[in-house]
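Please read the structure below before turning to the comments.
The values are calculated or read from the model by the stated rules, or taken from the named source; none is laboratory data. Just so we're clear, the structure is a prediction, and the values are computed from it rather than from any experiment. All Cβ positions, even for glycine, are placed from backbone atoms using ideal geometry, and neighbour counts span all protein chains on display. What goes into the accessible areas is simple: the full protein's heavy atoms, side chains included, and nothing from ligands, DNA or RNA. Shrake-Rupley method; radii C 1.70, N 1.55, O 1.52, S 1.80 Å.
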Amino acid sequence: MGTEAKVTLAQRLKALGVLQGRGRQRTLVQLCHAGRLVGGLSVGWRVTPDEAIGPVTHAMGDLATRLKVLDVRTGPPMQLEVRFELPPDVLREDEGPRVRTEWWDVEDVPGLAHNLNDLYRDVRAVKCLVVLGEWEDMVQLWALSRPALRALLDEGLLDDARNVAALRSLLEA
């Protein structure tokens with residue numbers, strides 16, 4: 001009879017290169033809040049989408065860092081006018097990047113995460129946002145590369161994420 005050593009959450013996260021530091025936190029929301037997840041963000045409940053968009057897009061990286069908020073209208077829902085860049089159309093690469101402006105209705109920071117994931121669904125270099133849940137009156141977000149996201153989804157380690165169905169759909173596209 002062979003004995004298989006059970007891999008802990010911390011060991012798996014370290015193997016993926018998404019865990020830093022030391023501590024006794026045992027869940028993803030606790031690890032995120034403690035600042036141990038690479039790309040993790042703790043966002044206070046009173047923070048509005050227009051206040052959170054800078055740090056969130058910075059964590060996502062690549063083209064997301066070029067997104068600009070042009071106008072904000074308080075709501076509910078809050079309305080954000082955003083300008084963003086997408087890669088060139090494959091049929092018109094000589095025309096360069098595509099720059100667009102849109103108005104978004106956004107209720108809260110998890111809603112912002114949904115819009116950003118949807119916007120960059122086809123841009124593989126932009127990290128996806130996982131809404132881990134709440135801890136200490138803060139929403140816990142995690143910007144993950146697609147390979148790490150796929151591995152954690154396949155292993156069931158993100159089954160408790162608030163947007164797990166949307167993330168699975170995102171990776172199927």
* Candidates 22, 98, 26 - the one that is charged (D, E, K, R) and closer than 15 Å to residue 140 by Cα -> 26
* Structure fact -> Filtering the stretch 35-51 for residues that are in contact with a Lys or Arg (Cβ under 9 Å, 6 or more places away or on another chain) and at negative phi leaves a count of 1
* To do: Can you give me the number of residues within the stretch 135-173 that are loosely packed, with under 15 Cβ neighbours inside 10 Å and closer than 16 Å to residue 41 by Cα?
  => 2
* To do: Run down 69, 106, 90 and say which single residue is β-branched (Val, Ile, Thr), more than 22 Å from residue 31 (Cβ to Cβ) and at pLDDT below 95.
  => 90
* Filter result (among the hydrophobic types (A, V, I, L, M, F, W, C), open to solvent by 100 Å² or more (accessible area, probe 1.4 Å) and in contact with a Lys or Arg (Cβ under 9 Å, 6 or more places away or on another chain)) within the stretch 66-100 -> none
* Just a yes or no: is a residue in the stretch 30-47 in contact (Cβ under 8 Å) with a residue 60 or more places away in the chain, open to solvent by 60 Å² or more (accessible area, probe 1.4 Å) and farther than 23 Å from residue 151 by Cβ? -> yes
* Could you say which residue among 46, 22, 26, 66 is under 20 Å from residue 156 (Cα atoms), over 15 Å from the mean Cα position of the chain (by Cα) and not β-branched (Val, Ile, Thr)? -> 26
* Structure fact -> Selection from the stretch 101-119 of residues closer than 15 Å to residue 85 by Cα and crowded, with 24+ Cβ neighbours inside 10 Å yields 116
